[in-house]
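Asks: The following block contains the structure, expressed as structure tokens.
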Amino acid sequence: MEAREEQLAHLDRLAQALDPDAFTAEVVRAISRPYLKVANARTPTLNEQIHCRQASDGSWVFQWPWKKPIGPVDDLETVAGKIAEVLRPVVGEA
């Protein structure tokens with residue numbers, strides 16, 4: 001499998017792992033760098049781009065746009081949980 005195809009496959013898997021009642025998720029197949037656009041379904045202004053890249057050891061990881069790793073592609077539950085935490089609305093703050 002080509003690197004770009006593998007990258008897109010990982011992004012697709014993550015999109016499917018996110019709770020569809022809580023989030024919208026769309027793989028954006030940008031030519032230069034594909035990403036997953038994730039938004040809070042109830043508060044769409046809470047959104048983020050999730051990237052997937054190959055680490056120096058050959059493994060694949062999801063990362064934030066600022067290049068901080070979220071987690072490995074084989075731990076979708078943890079990655080989805082971290083995304084949910086970042087995109088949750090803060091209740092009770094003005």
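The values are calculated or read from the model by the stated rules, or taken from the named source; none is laboratory data. On a predicted model such as this, the values are computed, not experimentally measured, just so you know. All Cβ positions, even for glycine, are placed from backbone atoms using ideal geometry, and neighbour counts span all protein chains on display.
Asks: May I ask you to list the residues in region 69-94 that are among the basic types (Lys, Arg) and modelled with pLDDT of 95 or more?
Replies: Within region 69-94, the subset among the basic types (Lys, Arg) is 82, 88.
Once the filter is applied, which keeps residues that are among the basic types (Lys, Arg) and modelled with pLDDT of 95 or more, region 69-94 yields only 82.
Asks: Now, a different point. Restricting to region 68-94, what's the tally of residues that are of a type in the set (Gly, Ala, Ser) and in a loop (DSSP other than H, G, I, E, B)? It would help to see each step written out before you state the result.
Replies: Going residue by residue through region 68-94, those that are of a type in the set (Gly, Ala, Ser) are 71, 80-81, 84, 92, 94.
Adding the requirement that they be in a loop (DSSP other than H, G, I, E, B) leaves 92, 94.
Of the residues in region 68-94, 2 are of a type in the set (Gly, Ala, Ser) and in a loop (DSSP other than H, G, I, E, B).
Asks: Here's a follow-up. Out of the residues in region 52-67 meeting the condition of being closer than 13 Å to residue 6 by Cα and part of a loop (DSSP other than H, G, I, E, B), tell me which one is nearest to the chain's Cα centre (by Cα). It would help to see each step written out before you state the result.
Replies: Within region 52-67, the subset closer than 13 Å to residue 6 by Cα is 52-54, 58-62.
When the remaining residues are screened for being part of a loop (DSSP other than H, G, I, E, B), the result is 58-59.
Working: 58: 19, 59: 16 Å.
Checking each candidate, the answer is 59.
Asks: Starting from region 77-89, keep only residues that are within 11 Å of residue 64 (Cα to Cα), then list their pairs with residues that are charged (D, E, K, R) whose Cβ atoms are within a distance under 8 Å, requiring at least 6 positions of separation or different chains.
Replies: Listed pairs, sorted by first residue: 83/48; 86/48.
Asks: Listed residues 39, 55, 30; which is of a type outside the set (Phe, Trp, Tyr) and either surrounded by 14 or more Cβ atoms within 10 Å (Cβ to Cβ) or touching a helix residue (DSSP H, G or I) at 6+ places or on another chain (Cβ under 8 Å) (or both)? Working first, answer last.
Replies: Values: 55 fails: either surrounded by 14 or more Cβ atoms within 10 Å (Cβ to Cβ) or touching a helix residue (DSSP H, G or I) at 6+ places or on another chain (Cβ under 8 Å) (or both); 30 fails: either surrounded by 14 or more Cβ atoms within 10 Å (Cβ to Cβ) or touching a helix residue (DSSP H, G or I) at 6+ places or on another chain (Cβ under 8 Å) (or both).
Testing whether each residue is of a type outside the set (Phe, Trp, Tyr) and either surrounded by 14 or more Cβ atoms within 10 Å (Cβ to Cβ) or touching a helix residue (DSSP H, G or I) at 6+ places or on another chain (Cβ under 8 Å) (or both) leaves just 39.
Asks: Next up: From (1) touching a Pro at 6+ places or on another chain (Cβ under 7 Å); (2) modelled with pLDDT under 95, pick out the condition that doesn't hold for residue 28.
Replies: Failing condition for residue 28: (2).
Asks: Filter region 9-51 for residues that are assigned to a helix (DSSP H, G or I) and without any contact (Cβ under 8 Å) to a residue 40 or more places away in the chain; which is farthest from the chain's Cα centre (by Cα)?
Replies: Initially, region 9-51 is screened for residues assigned to a helix (DSSP H, G or I), giving 9-17.
Restricting the remaining residues to those that are without any contact (Cβ under 8 Å) to a residue 40 or more places away in the chain gives 9, 12, 15-16.
Numbers: 9: 12, 12: 9, 15: 7, 16: 10 Å.
Step by step, filter region 9-51, then rank; the result is 9.
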